[in-house]
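All remarks here apply to the structure that follows.
We did not get these values from a lab; they are worked out from the coordinates using the rules stated. Keep in mind that what you see is a predicted model, and the values were worked out from it rather than measured. Cβ placement follows ideal geometry from the backbone for every residue including glycine, while neighbour counts extend to all protein chains displayed.
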Amino acid sequence: GGTARPAPFLENRHYRLTHDETRAGIRSIIDKETGEELIDVRAPFAFDQLLYQEYSGIASQDRHRDTAGTAKPVQGATRVDGPTAPAAVERGELFDVLRWNAALTAASGAMPRIEQAVRVYHPIKRVELVNRIIGKRPTATTEGVYLAFPFRVPGGSWRIENAGVVWQPFADLLPGANPNVFSVGRWVSSENARHFVALAPLEAPLVEFGEIRSLRLDDVGSYRPRQEHVYAQLLNNFWGTNFPLWQGGDFTFSWAVTSGKAGEGTTRAAQLGQSVLSPPAATIVEPHRASLPASGSLLRVAGVRAVVQALKRSEDGQELVVRFRETGGQTGTLVLKPGLLPFVSAQRADALERPEGPVVPVAEGARFELRRYQILTLRLKLR
């Protein structure tokens, strides 16, 4: 017999990623900085594998079935049925990409074409996942479509960012709260004593931990995940309020992943989420005589780890306003100095930009105390 063909893979200084050809997903992601395998190889599904769950009942007639215990999964698509195309590797200066096509045909809401791509970036430590569902068939049969992210972070602690707040999805719930589905703002991460992983959604912010639990009500008061698996909820027709009874057409779902050493998770996750949801916007200008240097910072920040959430003219038109958000979960001091912006002083303000406290000169660095995850608003007086 011949020698088996090795599975397609991507590799750079950050990651080695191996394709799973039998399950149309990713088999392995090795973080080369930490040496950690990021995927649970014992998981029932591959990483970035599309899953289709079909339930008994018709969506328009069988709402909230689980309250009576009548909903039973009749099909769990643990494999991709239909024609598949071999994975192809493309090399580039900015990133390398692995592409493959698949189809899910054995379902009421069939997806005859699924295009999946994973990018491994060279300048930054990031993996991007792009999943395009083309020609999904609408159906009134109750269905849910998911992506599997079976991470491997033994004993890890989950954190979610949403609306500027970082919290733990199970420890911070009120008694009796439903732990089945959580909404992610910018990022979700898991970290243990050795390493962390972080995930940032672009189009699909709903996640479930441990297992697919969308319609489980029997153990909601006591459920805690036993593994660090995440399932992204992409589509469903579960609800009988102001949601469609069926969904069809073309859809794109994208995620970004990063990882690293323990102790860096919250800050790195914040950087990932910010860059995914608020990427830089390029502007093309005509050649002209420059009055500024070729590159430089508008302002300089040191001390506590923070991101700039806004830089704008104040509502009264008199000064500039800058808003910082602490991202590392640590109380500390923010030191602000001018850069290309010629401001001479800074002053605290409330959320309505009304001045609070003394005016502080910035030439030697204006210092402001910043609490964990706090949003700080400052008014900047221009020269």
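Given a cut-off of 19 Å, what percent of all Cα-Cα pairs of segment 299-382 lie beyond it? Tail fraction, whole percent: 30.
For Lys136, the lysines whose Cα comes closer than 30 Å to its Cα, not counting residues fewer than 8 places off in the same chain, are Lys72.
Evaluating 6.51 cos²θ - 1.76 cosθ + 1.60 at θ = phi - 60° for every residue in segment 309-315, the Karplus couplings come out as 8, 7, 9, 8, 6, 5, 4 Hz, glycine and proline recorded as x. Based on C-alpha pairs under 8 angstrom that are at least 6 apart in sequence, segment 84-195 has a relative contact order of 17 percent. Relative contact order of the chain: 12 percent, from C-alpha pairs under 8 Å at least 6 residues apart in sequence.
What percent does the relative contact order of segment 299-382 come to when contacts are Cα pairs within less than 8 Å and at least six residues apart? Kindly include the intermediate steps, with their values, before the conclusion.
On the way: 209 pairs, mean separation 30.5, N = 84.
Result for segment 299-382 is 36 percent.
Per-residue 3J(HN,Hα) values for segment 186-203, derived from phi via the Karplus relation 6.51 cos²θ - 1.76 cosθ + 1.60 with θ = phi - 60°, read 9, 6, 9, 9, 10, 9, 10, 6, 10, 7, 9, 10, 9, 10, 10, x, 10, 10 Hz in sequence order (x marks Gly and Pro). For segment 234-296, chymotrypsin sites (Phe, Trp or Tyr not before Pro) are listed when DSSP marks them as loop and at most 16 other Cβ atoms sit within 10 Å of their Cβ; the list is Trp239. Using the average count of surrounding beta-carbon atoms within 10 Å as a protection proxy, the listed peptides 356-364, 131-139, 215-223 rank, highest first, as 131-139, 215-223, 356-364. Dimensions of the chain along the principal axes, based on C-alpha atoms and rounded to the nearest Å, stand at 71, 55, 45, largest first. Adding -39500 (n - 2.57) for every DSSP H run of four residues or longer, then dividing by how many residues the chain holds, sets the calculated 222 nm ellipticity at -1000 deg cm²/dmol.
Once backbone amide H atoms are built at 1.01 Å from N, Val304 has Thr333, Leu334, Val335 as its partners under 5 Å, excluding neighbours fewer than 5 places away on the same chain.
Rank Val285, Val230, Val89 by mean-square fluctuation in a GNM of the chain with C-alpha springs under 10 angstrom and give only the top-ranked residue. Fluctuation is largest for Val285.
Taking a sphere under 12 Å around the Cβ of Val120 and counting the other residues whose Cβ falls inside, with K and R at +1 and D and E at -1, yields a net charge of +2. Averaging the Cα positions of each part gives two centres, and for segment 156-216 and segment 259-278 these lie 15 Å apart. Local charge for Ser189 was computed over the other residues whose Cβ lies under 12 Å away, with Lys and Arg +1 and Asp and Glu -1, and equals -1.
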